[in-house]
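Trainee: Submitted below is the structure of interest, expressed as structure tokens.
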Amino acid sequence: MVRTAKIERFGTARGRLGFAWDRWLAYVTGGYAFGAKTNVSIVPGALLASSHTLDGWTAGIGVEYAFAPNWSAKLEYLHVDLGDKTFFSGLGACTVTSLCQVGANIDLVRAGLNYRFGPVWR
């Protein structure tokens, strides 16, 4: 049996905890994650398709460097685990729950550029 899942968009709500020295900040981050408009089909092209929101957790590490007043750059790694959800539970093909469970794990490396409005804190 072929199962596919396509997550069209996802998001996170996270906190950061870190250690700052000079112009550097090293941090860990974690919190809630969700995958919106997750389309699942048991057999590609078949009419057995469903759309749901998956939710789970995210955790990661990062480093940020303030290279100029109000400007900083960051590099971050995130792992997103959207858990497992059972789809099509009322169908005969899904009497064995594991055949209709779909989940997602996403690993990301992100780079960013930040600008802070207002006065520079020293």
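Trainee: Filtering the range 1-46 down to residues that are in contact with a Lys or Arg (Cβ under 8 Å, 6 or more places away or on another chain) and exposed (fewer than 12 other Cβ atoms within 10 Å of the Cβ), which residue is modelled with the highest pLDDT?
Mentor: Arg9
Trainee: So the check is Cβ under 7 Å with 6+ separation or different chains; which pairs have a first residue in the range 8-21 that's more than 11 Å from Ala59 (Cα to Cα) and assigned to a strand (DSSP E or B) and a second one that's among the aromatic types (Phe, Trp, Tyr) and modelled with pLDDT under 95?
Mentor: Phe10/Phe34; Gly11/Phe34
Trainee: Exactly one condition in (1) modelled with pLDDT of 85 or more; (2) out of contact with any strand residue (DSSP E or B) (no Cβ under 8 Å at 6 or more places or on another chain) is false for Gly92; which is it?
Mentor: (1)
Trainee: Okay, next question. Please tell me if Ser72 is surrounded by 14 or more Cβ atoms within 10 Å (Cβ to Cβ) and modelled with pLDDT of 95 or more.
Mentor: Taking the combined requirement at face value, the residue satisfies it.
The values are calculated or read from the model by the stated rules, or taken from the named source; none is laboratory data. This is a predicted model, so every value here is computed, not measured. For neighbour counting, all protein chains shown are included, and Cβ atoms are generated from backbone atoms with ideal geometry for every residue, glycine included.
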